[in-house]
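*Asks:* Please read through the structure below; I'll follow up with questions.
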Amino acid sequence: MLGAHSIELDASVDADVFEKFIVEKFAPAWKEPRDGLQIVFLKGDRGARIGRFQLVFVFDSEETRNRYFPEEGGDATPVMAKTLEPVSEVMQELGQFGIESKAFTDYQVLTPKSGAKSVTE
């Protein structure tokens with residue numbers, strides 16, 4: 001199960017500074033999945049969102065997604081807060097960038113054994 005969130009940076013945020021934070025601090029903190037969850041940032045290389053960012057929640061199952069976010073558009077559960085505790089410092093720093101996600105879609109993986117590498121490799 002993947003949750004894709006289109007990210008918009010606050011106008012005051014320097015995209016290069018944000019990208020540096022993601023690469024140098026956020027990515028190492030989320031290198032390994034935690035309790036069935038991994039969080040990945042993507043940057044558009046081609047197409048309609050070139051140079052813009054996407055946040056992807058990678059859940060090991062629909063049940064895990066529902067444990068963290070039981071309702072569409074709803075707030076995260078206390079289970080999510082507990083999972084974020086080990087990376088709370090980097091998550092607080094992420095919040096300082098004023099990112100916003102107005103559009104998201106959760107996707108079910110239909111081809112898990114397609115031979116493609118993991119989305120996080």
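*Asks:* Among the residues of segment 1-34, which ones are more than 23 Å from Lys102 (Cβ to Cβ), in contact with a helix residue (DSSP H, G or I) (Cβ under 9 Å, 6 or more places away or on another chain) and small (Gly, Ala, Ser)?
*Replies:* Matches in segment 1-34: Ala29 only.
Residue-by-condition table, conditions (1) surrounded by fewer than 10 Cβ atoms within 10 Å (Cβ to Cβ); (2) touching a helix residue (DSSP H, G or I) at 6+ places or on another chain (Cβ under 9 Å):
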| residue | (1), (2) |
| --- | --- |
| Val40 | no, yes |
| Arg52 | no, yes |
| Ala76 | no, yes |
| Met91 | no, yes |
| Gly98 | no, no |
| Lys102 | yes, no |
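*Asks:* May I pose another question? Just to be sure before I move on: is Gly3 surrounded by fewer than 15 Cβ atoms within 10 Å (Cβ to Cβ), more than 20 Å from Glu93 (Cα to Cα) and touching a strand residue (DSSP E or B) at 6+ places or on another chain (Cβ under 6 Å) in the structure I sent?
*Replies:* Criteria not met by Gly3.
*Asks:* Then there's this: List the helices (runs of 4 or more DSSP H) that sit entirely inside segment 1-100 and contain at least 1 residues that are at pLDDT below 95 and under 30 Å from Thr111 (Cα atoms).
*Replies:* 62-68, 78-84
*Asks:* Find all pairs meeting these conditions: Cβ atoms under 8 angstrom apart; at least six residues apart or on different chains; first residue within segment 69-96 and more than 24 Å from Ile22 (Cβ to Cβ); second residue in a helix (DSSP H, G or I) and open to solvent by 60 Å² or more (accessible area, probe 1.4 Å).
*Replies:* Thr77/Arg67; Val79/Arg67
The values are calculated or read from the model by the stated rules, or taken from the named source; none is laboratory data. All values derive from a computational prediction rather than experimental measurement. Because the Cβ atoms are built from the backbone with ideal geometry, glycine has one as well, and the counts that use them run over all protein chains shown. With ligands, DNA and RNA removed, areas are computed over all heavy atoms of the protein, side chains included. Shrake-Rupley method; radii C 1.70, N 1.55, O 1.52, S 1.80 Å.
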